[in-house]
Amino acid sequence: MDRIFYNGQIKTMEKSYHMVSAVAVKNGVIMACGSDEEVKALATPETEMVDLKGAFMIPGLVDSHMHLLLLSNKIRRTDISKAKTFKECMEIMGKAAAEKKGTDGWAMGIGFNQDDWSDSTAVPSRKDLDEVCGDVPAYIERCCGHIATCNTKAMELLGMMDAREGETDLKLRYFEDGTPNGVLCEDTVRLVEQYFPVPTVEEMKKLILIGANYIASKGLTGVHSDDLNLVVPEKDMPVIMQAYKELSESDELPIKVWQQCRMLTLPMIEEFVKENPAKAKYGKKFTVSDIKIMGDGSLGAHTAVLRGKYANAPEDVGIPLHDQEELNAMFRVAHNAGYPIVVHCIGDGALEMVMDGYELVQNENPKANMHHGIIHCQIMDEPLQDRFVKQNLLAYAQPVFCRYDSQIVDDCVGSELAKTSYNWRRFIDMGVHMMGGSDCPVEDCDPLANMYYAVTRMGADGKPWYPENGITMEEALNMFTYECAYASFAEGETGTITIGKYADFTVLDKNIMENDPAELLNTKVLMTIVNGKTVYEAK
């Protein structure tokens with residue numbers, strides 16, 4: 001044996017040997033589970049003995065939807081997510097601009113949420129940024145990633161200042177005088193990244209490792225990451241793909257990554273599936289997993305598509321990113337190529353369109369076990385939720401969203417629709433495969449905090465939000481282990497601590513199954529182990 005972990009509380013998620021104290025690993029694969037006495041008897045002089053000292057080991061935790069490269073950029077850029085006022089956000093950006101003065105650099109802030117501010121809930125305009133950043137190009141992105149604001153200098157560099165409503169395809173907002181107010185929406189946000197030089201493969205590898213190492217420190221052994229067409233222009237997608245492939249094949253990638261390949265247009269999908277076989281795996285840690293398509297925007301930005309109108313803003317209807325015909329065509333190409341499809345859907349209007357599209361292509365060309373799914377799947381009534389079962393769709397949920405969204409959902413859609421939305425209890429009762437994720441860097445990729453919100457449904461105000469829709473600790477753990485493996489067709493390789501599966505483990509300082517759920521927020525990650533190798537260890 002290469003390594004034996006012993007003297008632990010090891011929850012296997014296996015019915016036949018639910019709790020053990022020791023696990024043996026060879027060549028990255030689990031070879032034995034049992035008591036200390038049974039497993040330690042398999043040791044040889046070369047075996048590394050790892051004393052868990054009573055710590056709690058579980059199957060490796062996985063995040064089912066996040067953006068690794070955007071996380072890397074957030075780590076490199078100015079974090080404005082903790083600003084509690086408009087004034088504080090502007091002060092942070094003013095300091096960032098001062099550091100860039102006299103250079104070609106931009107002041108770039110990531111993660112603001114105007115709904116958290118006590119002095120204003122308005123999205124800042126370019127003039128607001130002008131006051132603190134002057135002629136230093138500046139950009140701030142909302143936590144959802146669906147809207148951002150540029151100052152005047154940045155708008156000029158991007159060539160957007162001459163845009164006028166009704167005369168451009170750019171998704172912008174405007175002042176009363178008809179000039180752009182600096183606020184960018186949806187796919188126009190991503191045009192900012194295309195202004196900068198594309199990193200080389202080596203530079204991209206370094207960028208990936210910034211995020212991957214942070215992720216490992218959170219106890220995550222793998223992520224389903226949506227990276228393409230977010231940080232580099234479309235034509236340079238191969239840079240990202242090549243960087244991931246090389247990191248995996250050289251075993252430098254600390255965690256496993258299943259790439260949710262974001263495609264913006266039908267021609268983009270057609271070209272991509274020609275060059276990239278569905279479910280192709282490179283090394284042991286990188287898989288080309290799904291075709292990712294955007295259905296709508298976000299609820300906080302009022303760009304999510306509802307079947308009705310926003311209760312608190314009847315003039316807003318959301319922004320559908322594709323009409324039904326285009327959506328059907330995109331689905332058809334991906335489905336026929338054998339790709340699982342996952343679609344960003346927050347509003348019930350977008351969800352209905354996507355479900356109709358899935359039903360159409362499956363009827364045209366029936367395929368077994370496709371694992372098509374919905375990412376976010378938030379606003380819905382029970383008939384829409386029933387369609388998950390009828391169409392065998394996967395639900396990619398972000399329980400941590402409960403913290404913030406509990407403060408806005410009832411206002412946006414009304415209480416009747418709110419109480420049937422984010423209904424994780426009913427999904428599980430119906431037998432829907434539901435995976436847990438964070439949408440990081442929209443929220444931090446802390447899986448323990450995510451499980452806390454799945455169980456408690458706690459809002460930012462300290463009160464449970466429709467607590468009857470919460471789930472048990474066991475079910476929450478399953479969302480971040482077995483169900484994530486199922487989503488990526490890897491349930492035979494990982495997701496439980498089972499003999500013959502890869503040795504992917506998360507080691508914690510507390511037994512989260514025996515403590516009050518609130519203790520999840522105080523639980524520390526001691527070790528993250530991927531394919532038997534420790535990729536993170538707490539100091």
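The values are calculated or read from the model by the stated rules, or taken from the named source; none is laboratory data. Note that the structure is predicted; figures quoted are calculated from it, not measured. Every residue, glycine as well, gets a Cβ built from its backbone with ideal geometry; the counts of neighbours run over all protein chains shown. Protein only, heavy atoms only, side chains kept; ligands, DNA and RNA dropped before computing areas. Shrake-Rupley method; radii C 1.70, N 1.55, O 1.52, S 1.80 Å.
Using DSSP, restrict attention to beta bridges with both residues in the chain and report what percent are antiparallel, rounded to the nearest 5. Can you show the working numbers first?
On the way: 35 of 76 bridges.
Here the antiparallel bridges make up roughly 45 percent for the chain.
Computed over protein heavy atoms with a 1.4 Å probe, the carbon and sulfur contribution to the accessible area of the chain reaches 49%. What the phi angles of the stretch 315-329 give under the Karplus curve with 6.51, -1.76 and 1.60, with θ = phi - 60°, is a coupling list of 6, 8, 10, x, 10, x, 8, 8, 7, 4, 5, 5, 4, 4, 5 Hz, glycine and proline written as x. Working note: Karplus 6.51/-1.76/1.60 with θ = phi - 60° gives the stretch 466-482 the couplings 6, x, 5, 8, x, 10, 7, 4, 4, 5, 5, 4, 4, 4, 9, 10, 4 Hz, where Gly and Pro are set to x. On a 20 Å Cα-Cα criterion, which of the cross-link pairs Lys74/Lys100; Lys279/Lys533; Lys218/Lys524; Lys284/Lys539 come out too long? Pairs exceeding 20 Å: Lys279/Lys533; Lys284/Lys539. Quarter the surface of the alpha carbon convex hull of the chain and you get the mean projected area, 24.6 square nanometres.
Within a straight-line Cα-Cα reach of under 16 Å, Lys87 can be paired with the following lysines, leaving aside sequence neighbours fewer than 8 residues apart in one chain: Lys95, Lys127. If you take the Cα centroid of the stretch 379-439 and the Cα centroid of the stretch 473-539, the two points sit 24 Å apart.
Subtracting the Cα-Cα distance of Lys100 and Ser16 from their residue separation scaled by 0.36 nm leaves 24.3 nm.
Summed over qualifying helices (DSSP H, 4 residues or more, each -39500 (n - 2.57)) and divided by its residue number, the chain shows a 222 nm mean residue ellipticity of -9000 deg cm²/dmol. With protein chains left intact and a 1.4 Å probe, residues in the chain average 38 Å² of accessible area per residue.
Taken along the Cα-to-beta-carbon direction at a fixed 7 Å, the label points for Ile499 and Lys281 span 2.2 nm. Once you reduce the stretch 156-224 and the stretch 359-377 to the center of their Cα atoms, the two points are 30 Å from each other.
3J(HN,Hα) along the stretch 511-519, derived from phi through the Karplus expression 6.51 cos²θ - 1.76 cosθ + 1.60 where θ = phi - 60°, amounts to 7, 5, 7, 9, 9, 4, x, 4, 5 Hz, with x in place of Gly and Pro.
Of the listed peptides 319-328, 521-530, 275-284, what is their order by residue-averaged count of other C-beta atoms within 10 Å, with the highest listed first?
On the way: 319-328: 17.2, 521-530: 19.5, 275-284: 14.8.
Final packing ranking: 521-530, 319-328, 275-284.
The per residue volume of the convex hull around the alpha-carbon atoms of the stretch 101-218 is 146 Å³.
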